[in-house]
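Have a look at the structure below before the remarks.
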Amino acid sequence: MNSATAAQGSPFLSLLPMLVVLLFFYLFVIKPQKKRDKEIQAMRSELKPGDEIITIAGTLGKIVQVKDDIVVIEVGSQKNQIDILKSSVATISKKKDVKDAKVDTL
């Protein structure tokens, strides 16, 4: 009888390390990535004219118009207008906040 119970418990014990690794990846890789994706989607859905943004390619610009999936931005000193996809917006720039903070500390 001991060999029969050992044979029944053995498959679970051999799967236990795999389950621990999967749990680790879920808690420390997959779940945080899903949270970041939701935050990025929320940021992109709240884009509005006047926001200063940085694109994935590193282009700095000011939003002029927001359409369904397209954002029109002004770039450069000549204020050229470029159409970009919302999905190419990396972050909303906090340049004004940084400049104000530096002025206040001086």
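Give the residue, chosen from GLY76, GLY61, that is surrounded by 10 or more Cβ atoms within 10 Å (Cβ to Cβ), of a type in the set (Gly, Ala, Ser) and at pLDDT 95 or above.
GLY61
Being charged (D, E, K, R), under 12 Å from the mean Cα position of the chain (by Cα) and open to solvent by 100 Å² or more (accessible area, probe 1.4 Å) is the filter here, so list the residues in region 23-49 that pass it. The answer is LYS34, LYS35, ARG36, LYS38, GLU39.
The values are calculated or read from the model by the stated rules, or taken from the named source; none is laboratory data. In this text, all values refer to a predicted model and were calculated from it rather than measured experimentally. Methodologically, a virtual Cβ is constructed for each residue, glycine included, from the backbone with ideal geometry; neighbour enumeration extends over all protein chains shown. Keep in mind that these areas ignore ligands, DNA and RNA; they rest on the heavy atoms of the full protein, side chains included. Shrake-Rupley method; radii C 1.70, N 1.55, O 1.52, S 1.80 Å.
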